[in-house]
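What follows is calculated from the coordinates using simple rules that are stated; it is not laboratory data. Since we're looking at a predicted model, the values are computed, not measured. Every residue, glycine among them, receives a Cβ derived from its backbone with ideal geometry; neighbour counts consider all protein chains shown.
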Amino acid sequence: MRARMPDAVRDSSADPDARREAAEHRFAAEQERVRRAISVATPFISVAIAVLVGSLVILAAGKDPVAAFSAMFRGSFGGVRQIGETLLRATPLVFTGLAVAYGFRSGLFNIGAEGQLFMGGMAAAWVGVMVAGLPWAVSVPVILVAAGLAGAAWAFLPALMKARIGAHEVITTMMFSYIGRYLVSWIIAGPFKDKGAIPQTPMLPGTSQLPRLSDVFTFIEPNRAHLGIVLGVIAAFVVWWILKYTVLGFEARAVGFNPTAAQTGGISVAATTVKSLCISGTLAGLAGAVEVMGVHHRLFDQFSSGFGFTGIAVALLAKNNPIGVIAAAVLFGALSAGAGTMQLDADVSQKVISIIQGVIIFLVGAEMIVTWAVGRLRDRKGGDDAAQ
Amino acid sequence: MKSKWSRSLALLLALALIASLSVGCAAPQEPAPQEPAEEKPTTDVKAAMVTDVGGLGDKSFNDMSYAGLQRAESELGVQIEVLESKEPTDYESNINQLANAGFNPIFAVGFLMTDTVIKVAPQFPDVNFGGIDIFFENPTPNVLGLLFKEQEAGYLAGVVAGKLTAMPDVDPRINDKKVVGFVGGMEIPPVQKFEAGFIAGVKSVLPDAEVKSVYTGTFTDQQKGIEAGKSLIEGGADIIFAAAGATGNGTAKACKDNKALFIGVDADQYETIEGIGDTIITSAIKRVDNAVFLTVKDAVDGKLKAGENRVFGLAEDGVGLAPYHDWETKMPADVKAAVDKAIADIKAGTVTVPESK
Amino acid sequence: MTADPGPVVCDLPETGPSPDPVLELRHITKRFPGVLANDDVSIAVAPGEVLALLGENGAGKSTLMNVAYGLLAPDAGEVLVDGRVVSVRAPRDAIALGIGMVHQHFMLVEPLTVTENIVLGGEPTSAFGVIDRDVARRRVVELSDRYGLKVEPDARVRDLSVGRQQRVEILKALYRDARILILDEPTAVLTPQEVNELFDIVRELVSEGLAVVIITHKLEEVMAFSDRIVVMRAGRVVGETVPSACDEQSLARMMVGRDVVLRVEKSPHQPGSPLLEVMNLSVLDDRKLPAVRDVSLVVRAGEVVGIAGVDGNGQRELVEAIMGLRRPTQGTITLKGRDITHDNPRRTIAAGVSHVPEDRHRRGLVLDFDLVENVALGDHRRPPFSRYGILDRAKLEQEARRRIAEYDVRTPDEHVAAANLSGGNQQKLVLARELGRDPDVLIAAQPTRGLDVGAIEFVHRRILAERDCGKGVLLVSMELEEVMSLSDRILVMYEGRVVAEFEGGAVTEEELGVFMTGGGRPGAEALGSEGTDA
């Protein structure tokens, strides 16, 4: 029981105001904290649920989930060679993840990163052969620039259509994705086909390739990870810096959050849209380039297993945070790298990995379920507190 | 309160659904553990294969190679393993893992793995690598190209098509224009050989027939197969032979929808194209399973000879014609006889089918 | 807890609890994460009584009524109807007990007719819950006649004005035999005329024995038509009184917790040279129909020009055209003699025009940005905030802290998202950005919409401060009182035209109201009717 003050006293005192303001601040801080906590927690929850579902599937098949996942872990992180495999697979996903994340941050859904990746790969394969004879330090940057420009060019027209006539980028980038893929199919089977029967471009000269890390740093045990992963990490930090510290990134985020307010604040939504989608395309183009320069050293029709689309899942899992993209890409890379070991050592079909990836994609796509579940838990807890 | 419960329930159901779906998908893929019924002949040969990105379930080379391995397992007691590739990056690591795990021989399925096999083989000089549909220009001593005389299978398909297109009374779908069609995927040697053999086969039984060819440039896009099929049918073709992978499935659909007849490729497509029924007459098949089985058998017998390209033809039971299925009864004896004669002639060497047009 | 009868807090001795309350809330406590929305609140309302629940935004009024209506479960306390403790777990329980609530945002199905909306979701036990249109329609007509709630039973809801839609909501509650009607901020969306009509309806309802609870923060309304007033602040009841025993000043003090100046004093009008000149401007709206027709106006240094008008008469398009957000079809806009007609928003801002948008959530702020970035918006391309395209975060934060302090934005720190601020603080943040830029002209559209008394006072003071240091202010507001108290000159917009101009202080609210609705002196009338034919 609270003692009651005379009302006149309470009215004239500043007490309720101070209390209210303090409460408001607490509330705001709490909101912020909860928002951040949820934002950080959901990807982990998604992955945990996916692993759980995977375990159930393994159990249902009469196998041992612990053995399976430890084999998977050995296959992806168990040694230098395995880590190399993981990084190798993470490399293109870092770039496509960044591409999609940058788009999302500017309010754009670049669903056509795959086509931009193909154009970047094409440019890399072509320019890479053209610059044969130049020293490595010249040819590699030239190829990367060309591939980035090719990716940007492939995003430019959809961007222009969005800015000028409001054509939705989900439709246009997707259309351009198909056009790009078919164009590349035709080029590698026709004008730029290597000698021999197989439709593929000629092998890149050594000076146009991204060397393996173990070739550059000879103290590292031989493995297949190549310089592309280093470029990917650099790209992630550059994207992070652009978003946080440049006018370009500031305007992109403002348009992404609230185009109307951005426009009112003097930002050209159309120009920002074009710039953002081109940056996204550049990153996707680089994904194609590193895959061509670091892994296959040439381009053929199936050189991408849908990295542009997996990039969407990577970006969502990373909450569109550029640094988070690295982690999410490594996770996807590890799942794919460890699948074979899991099957060989634990006799669990590598399809389980596809299931886990599928569940992750499903969960991050339908993230509101997780957000909602977390919110419910929090509510229940809050209710209990109050009841005591 | 009710709504909260129902939402929790919905979430639970959704998760259960995911789980059950994934079990449902995964279970059939899991190779059924084969209980050794009787005492099997034992051998310490361990054979394995790496699929291309098509993976198991492609009802084509990957599945057929696996069938060959499974036959080797049950008949020869060989331990087998298959690693599927989801992306081209997997080729090298999958082959590496199998080689490190002691498998020998290892089959790489599909010409897409050519680079990889050439690159990896020297690292494992004691392991033999079989490349399905891979032609090695300068084979190292431990690689073996497993190739097929597609032209011979195409020739047989051509004989059937050439005969039937001149018999409008046999089936209402056959017209009197004496035009047959060919749909190719990419213009690569195996497909070109099918085409050359097909044309030769048609002309051998109906010299004034016209064979119209279309290349779609893809093995995956069904829509293009439909379009190619439609345009050939509009051009008068009543029988179409498609050597175009999944693209050919689209052509089969175009045939079914537009009242034309279809000849499949690689595998017995009567079994692999859902609901195709009597639209399909037969298929020109590559017995990849036989090639794989024979290679493993050689390994078990200790007489596997690598360092070359082996070509499997009719004589080696490496190519052939699939059963007629729904057409079995209505197929005129005349046609069947012509096919039998062609087979005999090829095997005897009296007919040599050209590899190119 | 319930052993204590809970004496109702009284500010003035002559009032007390109603004799036989039909609805009573006892010791309600409701906690949200980090904030106590209701702290041991008790109120009661009797049949035939209008109870005004007065308080600033966030004082806990809506929370309390949502508890009564079953939308929120209290952490402690109980609800009594007719003196019996009842369990209200969901709105349908409340409806069954005779409690009806009209929310600030109407819950109507727009494509359906009035009758269909009223019948929709009626109690499932009701005989014609299924469909008996004639009976339903008859009953709707009967109810609307009885309480003077004129509606067209067969009109589609989407074709009705906001005031009419509100009537449909009230009828919906009456149709379900509500004896207690809760109205949440009912006048927020109404024109002055509609407000008066609403009050007539409420009077009619209480004379028929209903109990009405009105949630509001508008003092004049409370004084005009409530029988009893309960004042809430920071989640608690801080006073209870009757209109005859208090005045707006004392209510405001109770509500805010300190003395409030309701009408800001202003110094005499000393207009200088013209700053913003609009000549023969015509603008289309989003549907490509003429919204602004041949408008000319001048804003001089040191004056506030107010634009009065009913919402949707071209004010928004006029403001957007000036800011470069909308392309005019004819006319010119000049700032200090320089033509800015075709400048984009960035150039307009840079030229010295600041803009407090009418919708701070949609236009004014990027709610997901923190305060630093919101303050930066619009200045982010200018040194010292950025150079060569690179932001100087340290400068930005320093500037944000300075302006947050200067404009009294109450916030834990400058790194919280703007979405987490209260409405008043969000508006202060907009002012901090727009005025902190030191513009020549300020365009303020609905600058106090949805704000509480304390924040309104702050905004008004700031606007007059700009005027007093020689800036020009164009004030667009639907609040007549605001226009009248701040403006040195008042223009009335009707159907896209300026139909009248008055010196500040030379016109009454009623006169303005006439022009705002298309009436007025012969000359103005001519303008108005001409406008309608296009």
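The figures follow:
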{"quantity": "Label point 7 Å beyond Cα of C:Asp359 along Cβ direction - residues of segment A:242-275 with amide nitrogen under 16 Å", "calculated": "A:257-265"}
{"quantity": "Total formal charge among the other residues, if their Cβ is under 13 angstrom from that of C:Ala46, Lys/Arg +1 and Asp/Glu -1", "calculated": "-3"}
{"quantity": "Nearby lysines by direct alpha-carbon distance to A:Lys162 (threshold 17 angstrom, same-chain neighbours under 8 apart not counted)", "calculated": "A:Lys275"}
{"quantity": "Environment charge at C:Gly77 (Cβ cut-off 11 Å; Lys +1, Arg +1, Asp -1, Glu -1)", "calculated": "-3"}
{"quantity": "Per principal axis, descending, Cα span of segment C:362-433 in whole Å", "calculated": "35, 24, 18"}
{"quantity": "Förster radius 22 Å - calculated FRET efficiency between C:Arg402 and C:Ala465, Cβ distance, rounded to 0.05", "calculated": "0.85"}
{"quantity": "DSSP loop trypsin sites (Lys or Arg not before Pro) with at most 16 other Cβ within 10 Å: longest gap in chain C", "calculated": "C:411-534"}
{"quantity": "Options B:Ala108, B:Thr216, B:Tyr270, ranked by Cα towards positive dipole end of chain B, top entry (Cβ charges)", "calculated": "B:Thr216"}
{"quantity": "Residue-averaged 222 nm ellipticity for chain C, from DSSP H runs of 4+ at -39500 (n - 2.57), nearest 500", "calculated": "-9500 deg cm²/dmol"}
{"quantity": "Shape of segment B:241-341, Cα gyration tensor, a/c cut at 1.5", "calculated": "prolate"}
{"quantity": "Rg/Rh ratio calculated on Cα atoms of the protein assembly as shown (Kirkwood radius)", "calculated": "1.07"}
{"quantity": "Net charge over other residues, Cβ less than 9 angstrom from the Cβ of A:Pro199 (K, R count +1; D, E count -1)", "calculated": "-2"}
{"quantity": "Fewest-first sequence of A:Leu227, B:Leu147, A:Leu87 by Cβ atoms within 10 Å of each Cβ", "calculated": "A:Leu227, B:Leu147, A:Leu87"}
{"quantity": "Neighbour-count ranking [beta-carbon atoms within 10 angstrom, fewest first] of C:Ile490, A:Ile171, A:Ile143", "calculated": "A:Ile171, C:Ile490, A:Ile143"}
{"quantity": "Nearest-0.05 FRET efficiency for B:Asp340 and B:Thr140, computed from C-beta distance (R0 30 Å)", "calculated": "0.15"}
{"quantity": "Rounded if a/c under 1.5, otherwise prolate or oblate - segment A:174-310, Cα gyration tensor axes", "calculated": "oblate"}
{"quantity": "Potential extension, B:Asp278-B:Thr352 segment - 0.36 nm per residue separation minus Cα distance", "calculated": "23.5 nm"}
{"quantity": "Residue exposure sequence - C:His415, C:His380 - by fewest surrounding Cβ within 10 Å", "calculated": "C:His415, C:His380"}
{"quantity": "Among B:Ala237, B:Ala47, B:Ala101: highest mean-square fluctuation, GNM of chain B, C-alpha pairs under 10 Å", "calculated": "B:Ala101"}
{"quantity": "Chain A: angle of helix A:322-346 to the longest principal axis, Cα-based, in degrees nearest 10", "calculated": "60 degrees"}
{"quantity": "Rounded, prolate or oblate (a/c below 1.5 giving rounded, otherwise prolate when a/b exceeds b/c) for chain B by Cα gyration tensor", "calculated": "oblate"}
{"quantity": "Highest-MSF residue in chain A out of A:Phe300, A:Phe104, A:Phe217 [GNM, Cα springs under 10 Å]", "calculated": "A:Phe217"}
{"quantity": "Computed label-point distance, nm, for sites A:Ile171 and A:Trp186 using a 7 Å Cα→Cβ extension", "calculated": "2.3 nm"}
{"quantity": "Long-range tail of P(r) for segment C:355-497 (Cα pairs > 26 Å, %)", "calculated": "24 percent"}
{"quantity": "Of A:Phe109, A:Phe309, A:Phe362, the one that fluctuates the most in a GNM where chain A has Cα springs shorter than 10 Å", "calculated": "A:Phe362"}
{"quantity": "Sparse-neighbourhood loop sites, GluC sites (Glu not before Pro) in segment B:293-334 - DSSP loop, at most 11 other Cβ within 10 angstrom", "calculated": "B:Glu328"}
{"quantity": "Subset of B:Lys193/B:Lys341; C:Lys30/C:Lys218; B:Lys46/B:Lys224; B:Lys253/B:Lys357 violating a 30 Å alpha-carbon distance limit", "calculated": "B:Lys46/B:Lys224"}
{"quantity": "Shielding by other protein chains, C:334-345, mean Cβ within 10 Å", "calculated": "1"}
{"quantity": "Two-site FRET efficiency, B:Gln79 against C:His105, from Cβ-Cβ distance with R₀ of 56 Å, rounded to 0.05", "calculated": "0.20"}
{"quantity": "Proximal lysines to C:Lys172, defined as alpha-carbon separation beneath 18 angstrom and excluding residues fewer than eight positions away on the same chain", "calculated": "C:Lys150"}
